[in-house]
Amino acid sequence: MKKYTLTAIALAVACASQAHAAGYQLNEYSITGLGRSFAGAGVVGDDYSALAYNPAGMTLMKRSGFQGGLTVAEMESKVKGNSMFEGQSTDMHYGVPLPSGFAHWNVNDKLFLGAGIYAPYGLSTKHDQEGFVAPYARKSELEVIDSSVAAAYKVTDKLSLGATLTLRYIHGHMSGDKYGTPGIPATKEGDYNYDLDGWTGTGTIGAMYEFTPDTRVGISYKFRSIQKVKGDFTFNSVIPGVSMVASDGLASPDLPAGVLLSAYHKATDKIGLSSSVRWTEWNKSFNQFSMSSSFPESSVTQPYEWRNTWTISAGADYYYNDNWTFRVGTAYDQSPAKSQYNRSNRIPDTNRIWLSAGLSYASDNWQIDAGFAHLFMQKGNVAMEKNIPAEYTSSANMYGINFQYKF
């Protein structure tokens, strides 16, 4: 019983929603970026979020200011059972708000400072209560919140360098039922809830080179982070009055390193083109996940063997006039799960295609941005050990709005 519980806990800690970037990344802290599928992230220079992507891009904002934004992500999955669950079906769905905020101060024409709060990873999934998957993977939540400060320096008219320092908080929660024999309700032993949290530090470094005022390229490196997380799990037996609580659960979840290469070119007075390529080093951060506690035989190692991934995006902005800007974008986002044996009911992650659109309205010192994206997800089978064999057919929508004010 304890081994099953801790294995499931490990999944909850490490996983995040498939509705965002592949794996358990999030990018949704730029609403202008959302409208172009995050092409040109960090180097377009149309909001204050660069410190979260490439801090060198902060030098593009010629006026101090701040912004606050909110993205709402909605996902729907149709789940069909395989093997012993053939013929059964259920739904998995969720909606989660993703707020963000940034502030920016131009010290002079060379030095730029910034601060931000945003969520680079996250999860909120819930299977239908009566579905065949729910007893084993009922609810999972993961929050990762970055509080960052950053500085950028314009070394020359063409070259800018930047760095971001981050204090990272992580909190995870999971609930489910425990069965002695998967698929046989009569063997139910009880239910469990798990909570854990922890802190760590990490950072990002970046550089940007401007060939001309209308053409630039940037590259950034986001460091891998490892944090010790601690928490409690409670098991409530089907036997009345029998429960167990442990307060010394321990894990060291990794969050991956990555490289982001972005480019922007203003082709005409009306058209801006952007692109990005992101590489994420999952194989060092999610090859396996281990957890232990003081309960006898509770230590567990769950293999995932995720691969490194690529995300490629392209976008365009249409500068209609001094007030209105319209944008579109698309992206291919590769999943780190190589096959059905690297995929779980809590992480039914698959490759996906993004289609995005957005707009901005600016007047005097303020600007309002809005964005929308639809994600087409490849079907994914789950066959990982100790998971319900199933097939997921999923899609997602994202809606975002942002307010900027320039001093």
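Taking a straight Cα-Cα cut-off under 21 Å and skipping sequence neighbours fewer than 8 places away in the same chain, the lysines within cross-link reach of residue 379 are 78, 80, 126, 338. Stretched out straight at 0.36 nm per residue, the stretch from residue 228 to residue 128 would grow longer than its current Cα-Cα span by 32.8 nm. If the segment from residue 318 to residue 108 were pulled out straight at 0.36 nm per residue, it would be longer than the present Cα-Cα gap by 72.6 nm.
Scanning the chain for GluC sites (Glu not before Pro) lying in DSSP loops with no more than 15 further Cβ atoms inside 10 Å, the longest uninterrupted stretch between such sites is 131-296. You can think of it this way: the chain between residue 277 and residue 117 has 55.2 nm of extra reach, that is 0.36 nm per residue less the Cα-Cα gap. Among [x] 121; [y] 149; [z] 138, which one is volume of the Cα convex hull per residue in Å³ computed from these coordinates? Label of the calculated value: [x].
Note on residue 62 and residue 239: with the Förster distance fixed at 60 Å, the Cβ-Cβ geometry gives a FRET efficiency of about 0.35. The alpha-carbon of residue 158 sits under 25 angstrom from the alpha-carbons of these lysines, leaving out residues fewer than 8 places away in its chain: 62, 110, 222, 266, 270, 406.
Across all Cα pairs in segment 125-164, the calculated P(r) in 10 Å bins from zero up to the longest distance comes to 23, 20, 14, 14, 17, 12, 1 percent per bin. Could you state the angle between the C-alpha long axis of helix 2-14 and the longest principal axis of the C-alpha atoms of the chain, as a value from 0 to 90 degrees rounded to the nearest 10? Tilt relative to the chain: about 10 degrees.
Counting only protein chain heavy atoms and rolling a 1.4 Å probe, the accessible areas of 58, 84 rank, largest first, as 84, 58.
Here the label points at residue 365 and residue 305, each 7 Å from Cα along the C-beta direction, are separated by 5.9 nm in the simple model. Think of a 1.4 Å ball rolled over the protein heavy atoms: the chain then has 40 Å² of accessible area per residue.
The values are calculated or read from the model by the stated rules, or taken from the named source; none is laboratory data. What you see is a predicted model, and the numbers here were worked out from it, not measured in a lab. With ideal geometry, Cβ positions are generated from the backbone for all residues, glycine too; neighbour counts draw on all protein chains shown. Surface areas here come from the heavy atoms of the whole protein model, side chains and all, with no ligands, DNA or RNA. Shrake-Rupley method; radii C 1.70, N 1.55, O 1.52, S 1.80 Å.
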